[in-house]
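Written out below as structure tokens is the structure these notes cover.
The values are calculated or read from the model by the stated rules, or taken from the named source; none is laboratory data. Here the structure is a predicted model, which means the values were calculated and not measured. Note that each Cβ is placed from the backbone with ideal geometry, even for glycine, and that neighbours are counted across all protein chains shown. For the accessible areas, the whole protein counts, side chains as well, though only heavy atoms, and no ligand, DNA or RNA atoms are used. Shrake-Rupley method; radii C 1.70, N 1.55, O 1.52, S 1.80 Å.
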Amino acid sequence: MLSLLNDTLSPVDQCGCGDTGYLTSRTLPIALDHGAGKVINVPVYSCGSSMCDEYRIPSAVASRLDELAEEMEAKGILSMAFSWGASPEDTLGYQDSLSQGFIWKFQNRSYEDARVLFVIDGDTLVLQSKLDPTEYYLLKRLEESKEGVFFSFSKFIEEDEELTYEKYIVLEPSFQKELGVVKMEEVEDMLREEFGEICD
């Protein structure tokens, strides 16, 4: 199942509205013989727009939901967390895609005081300050831990105000001031606190 999973769950696909969708998770209702149930943390593709409540369920996830529904009916329960198998380790395969999807959705995002320049390998964001274009910020995913997905947030100075992906790879800033470590669920709020509201 995991090899199929790696082929099937790309971090970026299509939202139910037809726009670009990023892999995320949400709680979905599920009809059961013994009542209305729900499955928690189901991987879906969503564009992330506040104006859109659409999403798309990947086909591998849809078939797994059918299996979970049968399991819930057999046990007579109304709520269950999504997983790919009996043990939590079986579910780790899609955690990487989930966190990559989370990062990709920031591509081209602009805040009042900073803009996202580019995304690297679905695990790092490079932002540039609008107030001082020589100030750059990195949000980089750390190794997975039992407590969840964490990112380091750091800052570096570079005189080149036109930093591109190619220049960054050559530069690979060695002097970075770490500003903190933040849990994935708190990244959105942290970026707003640091750089202001999202601009269109």
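The table that follows gives values for the structure above.
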{"quantity": "Qualifying position, being in contact with a helix residue (DSSP H, G or I) (Cβ under 7 Å, 6 or more places away or on another chain) and farther than 26 Å from Asn41 by Cα, among Phe118, Phe151", "calculated": "Phe118"}
{"quantity": "Any pair with Cβ under 7 angstrom, 6 or more apart, that starts in region 16-43 at a residue that is in contact (Cβ under 8 Å) with a residue 24 or more places away in the chain and ends at one that is basic (Lys, Arg) and outside any strand (DSSP E or B)", "calculated": "Tyr22/Lys105"}
{"quantity": "Tally of residues being touching an Asp or Glu at 6+ places or on another chain (Cβ under 7 Å) and among the hydrophobic types (A, V, I, L, M, F, W, C) across region 120-155", "calculated": "1"}
{"quantity": "Enumerated strands (runs of 3 or more DSSP E) restricted to region 74-193, each holding at least 1 residues that are within 23 Å of Ser50 (Cβ to Cβ) and of a type in the set (D, E, K, R)", "calculated": "114-120, 177-183"}
{"quantity": "Complete set of residues in region 12-28 that are aliphatic (A, V, I, L, M) and outside any strand (DSSP E or B)", "calculated": "none"}
{"quantity": "Cβ pairs under 9 Å, 6+ apart, first in region 178-200 and on the phi > 0 side of the Ramachandran plot, second at pLDDT 90 or above and open to solvent by less than 80 Å² (accessible area, probe 1.4 Å)", "calculated": "Gly180/Ser152; Gly180/Phe153; Gly180/Ser154; Gly180/Met190; Gly196/Tyr111; Gly196/Asp113; Gly196/Ala114"}
{"quantity": "Complete set of residues in region 113-134 that are closer than 17 Å to Lys177 by Cβ and either in contact (Cβ under 8 Å) with a residue 24 or more places away in the chain or open to solvent by less than 40 Å² (accessible area, probe 1.4 Å) (or both)", "calculated": "Ala114, Thr124, Leu125, Val126, Leu127, Gln128, Ser129, Thr134"}
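Quick grid of which residues meet (1) polar (S, T, N, Q); (2) surrounded by fewer than 19 Cβ atoms within 10 Å (Cβ to Cβ); (3) within 17 Å of the chain's Cα centre (by Cα); (4) modelled with pLDDT of 90 or more:
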residue	(1), (2), (3), (4)
Met1	no, yes, no, no
Gln14	yes, yes, yes, yes
Thr27	yes, yes, yes, yes
Gly35	no, yes, no, no
Pro43	no, no, yes, yes
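Yes or no, residue by residue, for (1) within 20 Å of the chain's Cα centre (by Cα); (2) open to solvent by less than 90 Å² (accessible area, probe 1.4 Å); (3) within 25 Å of Gln95 (Cα to Cα):
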site	(1), (2), (3)
Glu172	no, no, no
Lys177	no, no, no
Met184	yes, yes, yes
Glu188	yes, yes, yes
Glu193	yes, no, no
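Conditions tested, residue by residue: (1) at pLDDT below 90; (2) more than 30 Å from Ile169 (Cα to Cα); (3) in contact with a Leu (Cβ under 7 Å, 6 or more places away or on another chain).
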position	(1), (2), (3)
Cys47	yes, no, no
Cys52	yes, yes, no
Ala60	yes, yes, yes
Leu68	no, yes, no
Ala81	yes, yes, no
Gly85	yes, yes, no
Phe118	no, no, no
